[in-house]
Amino acid sequence: MIEVRIGSSGDLLQSFDRRELDAVIVRLHVGRTDGEVLAHERFGWYASPTWQHRAGEPLPLATLAEPCGVRVMAGQVLDEAGVSWTEAFVGGGVAAVSAAVTAGLGVSALAKRMLPLGALDVGEKLGLPELPRLPVLLHSRVGSGRAHDAMARLAAAFRGVANA
């Protein structure tokens, strides 16, 4: 039997380390050097096609709650570029952030595979700094058999989507 969980990379890695999970696919976690790199995921600055930035106002961001690494990365990149920003929406999951983007509440740093339908990359138009690629890794204790074959297929599917 395969059980799938979606959560923050940090939480999933802790569950993996406690042997509650046999395998996890997560973004690179600071301080970890183990795991098989599946992809280097691209990020962009996405907004609803109808969203307009108001001149002179801080860039409104739609983000996940802490401890989201993408949230931290986006804030650091904007700070380093001298771009004024504010959190206009903080959600508990990617679906909530996608809904906020679709509703036109602001811009979000998202991986292409997580885009809400119709969202546009507005980074170049707004002169926003480029976001770095982040490694996505597979951590696994699955040895052989059906579970191993399933993990290999899942990893291959993830590689295909993340690198597209």
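For the stretch 11-29, the count of residues that are surrounded by fewer than 17 Cβ atoms within 10 Å (Cβ to Cβ) and either over 30 Å from M151 (Cα atoms) or of a type in the set (V, I, T) (or both) is zero.
Screening the candidates E41, E66, E36, E87 for the property of being of a type in the set (D, E), free of Cβ contacts under 8 Å to residues at least 24 places away in the same chain and either touching a strand residue (DSSP E or B) at 6+ places or on another chain (Cβ under 8 Å) or within 27 Å of L13 (Cα to Cα) (or both) yields one hit, E66.
The set of residues in the stretch 103-119 being closer than 26 Å to H40 by Cα and either of a type in the set (S, T, N, Q) or in contact (Cβ under 8 Å) with a residue 40 or more places away in the chain (or both) consists of G106, V107, S108, A109, L110, A111, K112, R113, L115, P116, G118, A119. Being without any contact (Cβ under 8 Å) to a residue 24 or more places away in the chain, farther than 19 Å from G104 by Cα and not aliphatic (A, V, I, L, M) is a property that G82 has.
The single condition among (1) of a type in the set (D, E, K, R); (2) farther than 19 Å from R113 by Cα; (3) modelled with pLDDT under 90 that R27 does not meet is (2). Looking across L154, L64, L138, L105, one residue alone is assigned by TED's automatic domain parsing to the domain that holds L21, surrounded by 18 or more Cβ atoms within 10 Å (Cβ to Cβ) and aliphatic (A, V, I, L, M). It is L138. Looking only at residues of the stretch 31-42 that are touching a helix residue (DSSP H, G or I) at 6+ places or on another chain (Cβ under 8 Å) and assigned to a loop (DSSP other than H, G, I, E, B), we find that the one that is surrounded by the most Cβ atoms within 10 Å (Cβ to Cβ) is R42.
The values are calculated or read from the model by the stated rules, or taken from the named source; none is laboratory data. Computed from a predicted structure; not experimentally measured. Methodologically, a virtual Cβ is constructed for each residue, glycine included, from the backbone with ideal geometry; neighbour enumeration extends over all protein chains shown.
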